[in-house]
Amino acid sequence: MPEQSYAGDVDAKRAWELLSKDPKAVLIDVRTKPEWRYVGHPNLTQIGKAPIFVEWQGYPDMQVNQRFTDEVSGTAVAKDAPILLLCRSGVRSKAAAVALTKIVDEAKSFAYEVNLFHRGESMIHPRLADMVGYVKGKGIHARLNTNGSLLDEAKSTALIEAGLDFISFSFDGYTSEVYDKIRVLGKFDRTVEKIIGFLEVKRRLGKKAPYVALESIDFTVGPSSPEDLERQRAFRARFDGLPLDRFIVKRPHNWAGTYAPGDPAEAGKPHGYSPCTFPWYALVIFWDGTVSPCPQDWYGDLELGNVRDQSLAEVWNGPKMLELRRKMEAKDVQALSPCNQCDMLWRPTLLGVPTTHMKNFLKENVLGYTQ
């Protein structure tokens, strides 16, 4: 991925030239069936060709077509044929890739780590491995989080060989009953097999990296029963003998007031106030360049600026960030949304780090992934 560019797309004029001049070149329309029917489709009769129609995501659930590659292979397209893919816009994927190059180029002299994930499933991006490689090429650690549902052997291999340092699998519960209820249209056993497949690729390639963490979200209300603990152990046992570096069972936090875990043991019992540390060590950048100080700011209420027309340094030292830090230190968060609803400010801490996150903090920021 060259600096300040995105090499994965061509405009309509260039696409027409490629299709016209190369007899083998084909156009695959990967939109949905309703779009083919009601929006229309490309007319290639002038050059004696016709588009090939294969959905990338199926309507209406918009789940990725797991047979996409097989269906393309079944269309008699030559293996050495140039293939052009037509989607509805490609705007978000392109914008995210363009923003990444700018961010990384600016941050390479001071950033420790880039996490290629926020507010969505990382595996959807078609050039995720290229983005990992670009980050690594600038001397920055590359990290991502995924639910694992879209993984396959090719993606796993590409990410590992790109030099990914850390990957965290976020898994809903640890039983099929909980997982299938929460992860609508997801399948417990299928996702487990995909995560196992990633670990097997890592082992086959003989790589120490990435450091692999599996975080199982425990939705149990109240203390875990002996039966719950046994189910946790049974789930963990499915990964025995594989290069899984850490297995974590944790309770969900309240995502700055947008989610209520409902644990009566914690209700109405806030601990002492402790300023959030995010504004002093991290930035969250959305696909369109909008900057927020915190991953809990799910809807971007705390907009600090935009990297499209500002440098990272300008945002980091800008008046909005400085004012946020001042308010956080002064406990002046009553009118600061979503901070005023976030449970992170009221958790027990040690040196400003929530004790529930202390092991992760030490492991990932002090000891390093390989310890």
Each label point is 7 Å from the Cα along the Cα-to-Cβ direction; what then is the distance between the points at Glu230 and Asn317, in nm? 6.1 nm
Which aspartates and glutamates does Lys207 reach when only Cα atoms under 19 Å apart count, and residues fewer than 8 places away in its own chain are ignored? Asp130, Asp152, Glu153, Glu161, Asp165, Asp240, Asp245, Glu364
Per-residue counts of other Cβ atoms within 10 Å, averaged by peptide: what ranking do you get for 183-192, 133-142, 281-290, highest first? 133-142, 281-290, 183-192
Extreme residue, positive dipole direction of segment 69-193, given options Ile167, His125, Val72 (C-beta unit charges): His125
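Quick note: the coordinates plus some simple rules give every number you see, no bench work behind them. Just so we're clear, the structure is a prediction, and the values are computed from it rather than from any experiment. All Cβ positions, even for glycine, are placed from backbone atoms using ideal geometry, and neighbour counts span all protein chains on display.
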